[in-house]
Amino acid sequence: MDSADHFIPSHQIDNRLAVALSVKVISNEVGVAPQLSCTSEISRRVVRLRRVRGVSAEGQEIWLKHQNIMAKYRVIWISSDQDPDAGQFEAECMEDVMIWDKETNYRLKTDY
């Protein structure tokens, strides 16, 4: 059995914190200005957000900015219009940066 068969993506094992934080979503789509969104869940690596214009495909690279900290993310899931979670998407951080405030970062680090 290949070792890749045992791989579990981080977005399936991260503990999540239900919190609403304002986030600016910056995509590479031409003609789309940065959009404001709101989180519904965050973890150390993954964030679930309200879907905005400019987020169009899984695998798309975007930037998320909270307060004055910004990091590069990759879209890993977009809900369909028929899903109970319609209008949401998830993205995984591609950098070793946590963009949340100190208290939220502390809560994420101690929830394990």
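Here, each number is a calculation from the coordinates, and none is a lab measurement. Not measured: the values here are computed from a predicted model. Glycine gets a Cβ as well: all are built from the backbone with ideal geometry, and neighbour counts include every protein chain shown.
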If each K or R counts +1 and each D or E counts -1, the residues other than residue 66 whose Cβ falls under 11 Å of its Cβ total +1
To the nearest 20 debye, the stretch 3-110 has a Cα-centred charge dipole, built from +1 on Lys and Arg Cβ and -1 on Asp and Glu Cβ, of 440
Estimated distance in nm for a label pair at residue 33 and residue 86, the labels positioned 7 Å out from Cα along Cα-to-Cβ | 2.8
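Starting from the stretch 76-112, pick out the GluC sites (Glu not before Pro) whose DSSP state is loop and whose Cβ has at most 14 other Cβ atoms within 10 Å. Before the final figure, lay out each step's value.
Numbers: sites: 90, 92, 95, 103; in loops: 95.
Here the sparse-neighbourhood loop sites are 95.
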May I ask for the equivalent-ellipsoid semi-axes of the stretch 3-110, computed as the square root of five times each C-alpha gyration tensor eigenvalue and listed largest first in whole Å?
-> 20, 18, 14
Taking only C-alpha pairs under 8 Å that are 6+ residues apart, what is the relative contact order of the stretch 3-110 in percent?
-> 23
